[in-house]
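Working notes, beginning with the structure itself.
The numbers here are math on the coordinates, done by the rules we state, and not lab data. All values reported here derive from a predicted model rather than from experimental measurement. Virtual Cβ from ideal backbone geometry, glycine too; neighbours counted across all protein chains shown.
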Amino acid sequence: MIQAQGLTKRYGAKTAVDDMTFTVQPGRVTGFLGPNGAGKSTTMRMVVGLDRPTAGTVLVNGRRYAEHRAPLQEVGALLDAKAVHTGRTAQNHLLAMAATHGIGRRRVDEVIEMTGLGPVARKRVGGFSLGMGQRLGIASAMLGDPATLILDEPVNGLDPEGVLWVRNLVKHLAGQGRTVFLSSHLMSEMAVTADHVVVVGRGRLLADAPVQEIVGRAAGTTVRVRSPQAGPLEELLRRQGLAVTSTERGLLEVTGGSAPAIGDAAAAAGIALHELTPVHVSLEDAYLQLTADDVEYHADPGAAGARRAAADPDSPTRPGATAPTTESALR
Amino acid sequence: MSTLATTTPAAGRSAARPAVHHVTFPRVVAAEWVKFRTVRSTVWTVLVTIAAMVGINTLAAWAISMAPDGAEGAPGTASVVTLLASGVSMAQLVVAVLGVLTVTTEYTTGMVRSTFAAVPRRLPTLAAKALVLTVVTFAVGLISMALSYVTTLPFHESLGATLDLSDGETLRRALGLPLYLVAVSLLGLGFGALLRSSAGAIATVVGLLLVVENVFLLVPLRFFEVVSPFLPATAGARIMHDAPMLAMLDSMSAGDVSLTPWQGYGVMLAWVAVLLGTAAVLLRRRDA
């Protein structure tokens, strides 16, 4: 279990992490989602005591990390794929880490086996690919068989097989009752891996909820309706207080009503419907909606807006957002 | 420390937890020893130090033996220890660099994040590094002297040099050389931990040993004269000198102090303590 309370980190005038309060529960995979530069890595470094918080506290398994007498058995952390001396072999790196806790060679061999590092264990880390570096990082995180795992972008640089392996591994570990805290800027990865997500943008907490709830919030109740009598239908629905937008002739996107209610209303008015589809919103859409105002490095704001066309921009349940987004509402 | 203590397993964990292994100082030392011997650069540095010492000592002994009798530099009935110390000015540079690299490579490679994740209190790591470095450097000093004794053996008789370890001064000088090298390597460790950059720390410690101390020795201003005897290497090296050498140094210095060999070494250790103490305070405060 990880408990952050008012966690803040400032570097001079720049606030990397701003008053974050959240709890990561055991027994499930918690995703830590946010754009690059959102403060994910800084937060994770503070959890394991590498960076000192400017304000606030963070406890792991009930104590500050540095207060644990066997930290590697409490928390395993993959913070930086190459937090390893490049001139040392993978096996020697693990042996040195294990030595601090008196963990034996057998466990070192186990984690090497488990992470598929066997063929390169006696090679120096400097020559490792990013993927091999990630596997070594995961191996050192697993050394102490810890109750809590913190993995910063673990699938970075892994091949598809490796991605699948990490996905299954973290689910398996959470299934054993461990706390798994996994950061990523890839929503698609979170959607299939995490049970719960903590979303951050520019150092601030934007959401802390189950994946389904995040998706549900963003989805609102948007329904796609196709009708040969789109004009009268639009008028009818507007009178019922629903928001209607139209992107092509005969196609309406209705927000605020359920598909059955719309279908019934149309039937009552004698309007034929050719399509009536509740719009499925992916975690990706929800994420983009949540972080739209909080992306540190905007490439093209229009591109992000276009992807949100299906989502309700004015949803009152959006947490954390300060400025209303307007692009999609103006369509 | 007991390793039998157990913690409550997290709820729902199916796997039985293995015995809890606490971080203890001996374990941190063991880890630092693994780290020290599993990197090529440190192993090479140690070998280079020994080779340089033995090589220079042998060459110097040969050169002295070639000097005509009565010429300056001919030691007469010198102690063999003098023959074993010719290479120390070279060796001190290498062990200073070794001390710096022991800590700065942690930062340049990112290893420090793994290190401090395993030992979040951090200070045991610095202490363990200092201990490993001390033992290794002391051993390097002793081994270099032992090997040099063998390689200079052919010259002992012609130089009239003898070795009598029951003699107080001889024993002090024989132990003084490895002790001096230890203190130099710890200076390197201290600067490395303070500056966290290989280039910066090496420049600082080598600059101190080669430039700063010599400048202080030579500039005929009161301030320099007063301070000079208390600079780390100037003071610490006295533990390796014999009585005539100490007297000559004192006569050259315009200062009024004359530190005994052990006082001089104490001054050097005080420098080391201040450096490492400052480094320790910063180590706790700074982000890794």
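Some observations on this one:
- Inter-site label distance for residue B:203 and residue A:264 at 7 Å from Cα along Cβ, in nm: 7.9
- Whole-Å semi-axes of the protein assembly as shown's equivalent ellipsoid (Cα gyration tensor): 69, 24, 19
- Computed from the Cα positions only, the extents of region B:194-241 along the three principal axes stand at 34, 26, 16 Å, in decreasing order.
- Only the Cβ atoms of Lys and Arg (+1) and of Asp and Glu (-1) were treated as charged; on that basis the dipole of region B:147-278 about its Cα centre amounts to roughly 500 debye.
- Residue B:163-residue A:209 FRET efficiency (beta carbon distance; Förster radius 60 Å; 0.05 resolution): 0.15
- Model label zone, residue A:11; criterion: amide N under 19 Å from point 7 Å along Cα-to-beta-carbon; scope region A:128-166: A:152-153
- Computed over neighbours whose Cβ is under 14 Å from that of residue A:158, the net charge equals -3, Lys and Arg +1, Asp and Glu -1.
- For chain B, with +1 on Lys and Arg beta carbons and -1 on Asp and Glu, the positive-most of B:245, B:102, B:146 along the dipole: B:102
- Student exercise, chain B dipole from Lys, Arg, Asp, Glu Cβ charges, in Debye to nearest 20: 2060
- Cross-link partners of residue A:14 among lysines, defined as those whose alpha carbon lies under 28 angstrom from its own and excluding same-chain residues fewer than eight positions apart: A:40, A:82.
- Extending 7 Å from Cα along the Cβ direction at residue A:36 and again at residue A:276 yields two label points whose distance is 4.6 nm.
- With a Förster radius of 30 Å applied to the beta-carbon distance between residue B:219 and residue B:246, the computed FRET efficiency rounds to 0.85.
- Relative contact order of region A:101-238, pairs being alpha-carbon contacts under 8 Å that are 6 or more residues apart, as %: 15
- Spin-label pair residue B:260/residue A:172, simplified geometry with 7 Å Cα→Cβ offset, distance in nm: 6.7
- Dmax and Rg, reported as Rg then Dmax, of region A:1-104 (C-alpha, Å): 15.2, 46
- Top positive-direction residue, dipole computed over the protein assembly as shown with Cβ charges, set B:123, A:173, A:255: A:173
- Computed Kirkwood radius, in angstrom, where 1/r is averaged over Cα pairs of region B:25-285: 19.3
- Total charge dipole magnitude, the protein assembly as shown, about the Cα centre, Cβ charges on Lys, Arg, Asp, Glu only, Debye to nearest 20: 1020
- Helix B:243-252 axis, angle to chain B major axis (alpha carbon atoms, nearest 10°): 90
- Around residue B:102: net Lys/Arg minus Asp/Glu count, Cβ-Cβ under 10 Å: 0
- Counting Lys and Arg as +1 and Asp and Glu as -1 over every other residue whose Cβ lies under 12 Å from the Cβ of residue B:249, the net charge comes to -1.
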